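To keep things clear, I will list the structure first and then write my remarks on it.
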Amino acid sequence: AKAAGRNTFAIFGEHMDELLRRRRKLEQDLRLALETRSQIEAFYQPVYSAEHHGLSSMEALARWKHPEEGFIAPDIFIPIAEEIGLIHELGAKMLEDACSVMADLPFISMAINASALELGSDGYPLRVLSRLAKWNIDPTRLEIEITESLGFGGEGRSDRNITILRNAGVSIAIDDFGTGYSSFSRMQKLAVDRIKIDKSFIDTVEGGSKPLIEAMINMAQAKGLKITAEGVETDEQRDTLVALGCDSLQGFLISRPLGRAAVIDLYNGTKKQ
Ligand code: C2E
Ligand code: CA
Ligand code: CA
Ligand code: CA
């Protein structure tokens, strides 16, 4: 048993070494990618407006094409960027990409995702607004999606930054709504423009979550907020969610996230129809 234990430990130790090595390498590669402004770019997921019966906005989502590993998912590299202090560079790159698409498609609006670290940092509103000004883009065309992950200690500053951005015309959406334990209380307190109901609820709308979704929609409507359903994959989900009062739908049923050229073609085509 003793020998087996030692072996197990040796294998476990080797495994840890390998994991740490991979992690260090990813950090270095991410640093290089962000410093050289290469490999990482925005993809864009079209958002369907039930109100306008068409595509009127999109969400920018970060994609990292690693030279050896291929595409690495944002769920992997965003937390690393936050940990090594490069999330601000990543956010700036995403906003720059988003602005360049907005400049090419003057009739659409755009959502970007902000890390709680960005939102809670001094000067974030000014950085966003001066980037928009540089591209001559009206701030009302930009929406910033925030999550309610707390624990960064910047809540007061986040709320002040949100106020500054909203006063300048930028919209704020609460992303992954319903997943955080403070969703409802945060929505009551915080002045925002939209909630995005998390995919986990949409997945089960035909199952048990319909009453929950109804409760979210009732509260949001009472506060005058707009409502997006995320991760819509079937016709049935779409029909139910529109009937319940979601004004915007996003998900693979409408489109997967697309590269810059594809999304510009799609929206130009849509406009001509
Ligand atoms: P999110 O903001 O909730 O984005 C929605 C995610 O769901 C995206 O994954 C999107 O590709 C995926 N999705 C959309 N519709 C469907 C669907 O119908 N079915 C399924 N199965 N998935 C769908 P993605 O692009 O992998 O992004 C994951 C998360 O990474 C995002 O979740 C967001 O929290 C974060 N993220 C992505 N880009 C950025 C960024 O530029 N900055 C920050 N801070 N976070 C980002
Ligand atoms: Ca989002
Ligand atoms: Ca989301
Ligand atoms: Ca998410």
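The values are calculated or read from the model by the stated rules, or taken from the named source; none is laboratory data. On a predicted model such as this, the values are computed, not experimentally measured, just so you know. A quick note on method: Cβ atoms are made from the backbone with ideal geometry, for glycine too, and the neighbour counts reach across all protein chains shown. Ligands, DNA and RNA are stripped out before the accessible areas are found, and what is left, the full protein with its side chains, is counted by its heavy atoms. Shrake-Rupley method; radii C 1.70, N 1.55, O 1.52, S 1.80 Å.
At full extension, Ala261 and Asn136 could sit 42.9 nm farther apart than now, given 0.36 nm per residue minus the alpha carbon distance.
Per residue, the average separation of C-alpha pairs within less than 8 Å and at least 6 apart gives the chain a relative contact order of 18 percent.
If R0 is taken as 51 Å, the Cβ-Cβ distance between Ser100 and Leu212 corresponds to a FRET efficiency of 0.85.
When only C-alpha pairs under 8 Å and at least 6 residues apart count, what is the relative contact order of segment 112-263, in percent?
Computed value for segment 112-263: 17 percent relative contact order.
A Förster radius of 22 Å combined with the Cβ-Cβ distance from Arg37 to Asp122 puts the calculated FRET efficiency at roughly 0.40.
Placing dummy labels 7 Å off each Cα toward the beta-carbon, the span from Ile164 to Glu27 is 3.0 nm. A 1.4 Å probe run over the protein chains yields, for segment 174-264, 45 Å² of accessible area per residue, whole-number rounding.
Given the rule -39500 (n - 2.57) for each run of at least 4 DSSP H residues, summed and divided by the residues of the chain, what is its mean residue ellipticity at 222 nm, to the nearest 500 deg cm²/dmol?
So the helix-based figure for the chain works out to -16000 deg cm²/dmol.
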